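> The structure follows.
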Amino acid sequence: MDWFKHDSNANLDEKLQEVLLDYGLEGYGLYWYCIELIVGKTNTDNITFELKHDARIIARNTGSTSQKVEEMMKRFVTLGLFENKDGKITCLKVAKRLMTSATSNPQMRTMIQNIKSSQSVEMPSCQRHDDVMPDKIRLDKIRLDKKYNPPIPAELLSDYLMVREAKKAGDLTETAFKGIEREALAAGLTVIQVIQMCCERGWVGFKADWLKTEVKTATTNAWRNDDQAILKKAKELNVHTSGKSKYEILALIDKKQAALE
């Protein structure tokens, strides 16, 4: 077969959502790659819808490993995307997606019509992207179940997630939260104090060094709040202060320092 029907919203299928959650685009791409291999081998002499390539060949062609391919294929079978009978991987539901317009071969057209009218091809009874799309509530439940809930007050978590969403930082993973905990410990703070700080300052993450830099900057710039220190700094830089306000002098000092850097 030269081509087959592929829904533009197939990624919303509840089973493929599970694949995306488990393996990301690597798993999603492998699924459609295998479908292409099966359809590519379908002809009047082969209507088994069997995946002829083994894991090693698929791994070589996709840049993965045979172990990872085997793991993902087992997941596909568990989800009902493929079938495994006596060690042979098939995808019988592909038959439903074949179209007579996909080929100009009269024999192939007849074969497709016979397949569609035949009751011998077993089709999975559960929801899939071939017929009924899962509703939004179901998809939201899947996403919710997969989200990590850190051990902090729910209200604080809600505020922090709003900050992350506004910054388009994505979901808060356990790995990311553990990193914040580690940095909080390094800064001598509790993770709750750090999350509160993130909410106040619009940070999606935290590094202990950020506070050290703030302290250092505050210490370095302490002279800016002392009138005598400002005049002393101006004298050191040969900045004329006569008739000028404190803020005008500071602006001249900043300009002079920038020129010297």
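> Scan region 61-77 for residues that are open to solvent by 70 Å² or more (accessible area, probe 1.4 Å) and closer than 13 Å to Y31 by Cα and jot them down.
Matches in region 61-77: E70, E71, K74.
> Is there a residue being over 30 Å from E50 (Cα atoms), assigned to a helix (DSSP H, G or I) and either modelled with pLDDT of 90 or more or not polar (S, T, N, Q) (or both) anywhere in region 117-137? Please lay out each step first, then the result.
Let us first name the residues in region 117-137 that are over 30 Å from E50 (Cα atoms), namely 135-137.
If we keep only those that are assigned to a helix (DSSP H, G or I) too, we end up with 136-137.
Next, only the ones that are either modelled with pLDDT of 90 or more or not polar (S, T, N, Q) (or both) stay: 136-137.
Yes, because at least one residue in region 117-137 is over 30 Å from E50 (Cα atoms), assigned to a helix (DSSP H, G or I) and either modelled with pLDDT of 90 or more or not polar (S, T, N, Q) (or both).
> For T90, state whether it is modelled with pLDDT under 85, closer than 24 Å to S8 by Cα and surrounded by 18 or more Cβ atoms within 10 Å (Cβ to Cβ).
Details: modelled with pLDDT under 85: yes; closer than 24 Å to S8 by Cα: yes; surrounded by 18 or more Cβ atoms within 10 Å (Cβ to Cβ): no.
In short, no.
> Oh, and also: Among the residues of region 147-168 satisfying the criterion of being in a loop (DSSP other than H, G, I, E, B) and among the charged types (D, E, K, R), which is modelled with the highest pLDDT?
From region 147-168, those in a loop (DSSP other than H, G, I, E, B) are 147-153, 167-168; that's our starting set.
Filter again for among the charged types (D, E, K, R), leaving 147, 167-168.
Working: K147: 70, K167: 81, K168: 84.
Top of the filtered list is K168.
> Of everything in region 203-259, what is surrounded by fewer than 11 Cβ atoms within 10 Å (Cβ to Cβ), at pLDDT 80 or above and among the aliphatic types (A, V, I, L, M)? Give them in sequence order.
Within region 203-259, A258, A259 meet the criteria.
> Which residues, counting only those in region 154-173, are surrounded by 11 or more Cβ atoms within 10 Å (Cβ to Cβ) and not hydroxyl-bearing (S, T, Y)?
Scanning region 154-173 gives L156, L157, D159, L161, M162, V163, R164, E165, K167, A169, D171, L172.
One line per residue, one yes/no per condition, for (1) at pLDDT 90 or above; (2) surrounded by 18 or more Cβ atoms within 10 Å (Cβ to Cβ); (3) assigned to a strand (DSSP E or B):
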{"position": "D7", "(1), (2), (3)": "no, no, no"}
{"position": "N11", "(1), (2), (3)": "no, no, no"}
{"position": "L21", "(1), (2), (3)": "no, no, no"}
{"position": "E26", "(1), (2), (3)": "yes, no, no"}
{"position": "V39", "(1), (2), (3)": "no, yes, no"}
{"position": "A59", "(1), (2), (3)": "no, yes, no"}
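> Now for a different question. If only one of E181, E200 is exposed (fewer than 11 other Cβ atoms within 10 Å of the Cβ) and either modelled with pLDDT of 70 or more or under 30 Å from K246 (Cβ atoms) (or both), which one is it? Can you show your working first?
Working: E181 fails: exposed (fewer than 11 other Cβ atoms within 10 Å of the Cβ).
Result: E200 is the single residue among E181, E200 that is exposed (fewer than 11 other Cβ atoms within 10 Å of the Cβ) and either modelled with pLDDT of 70 or more or under 30 Å from K246 (Cβ atoms) (or both).
The values are calculated or read from the model by the stated rules, or taken from the named source; none is laboratory data. On a predicted model such as this, the values are computed, not experimentally measured, just so you know. Note that each Cβ is placed from the backbone with ideal geometry, even for glycine, and that neighbours are counted across all protein chains shown. What goes into the accessible areas is simple: the full protein's heavy atoms, side chains included, and nothing from ligands, DNA or RNA. Shrake-Rupley method; radii C 1.70, N 1.55, O 1.52, S 1.80 Å.
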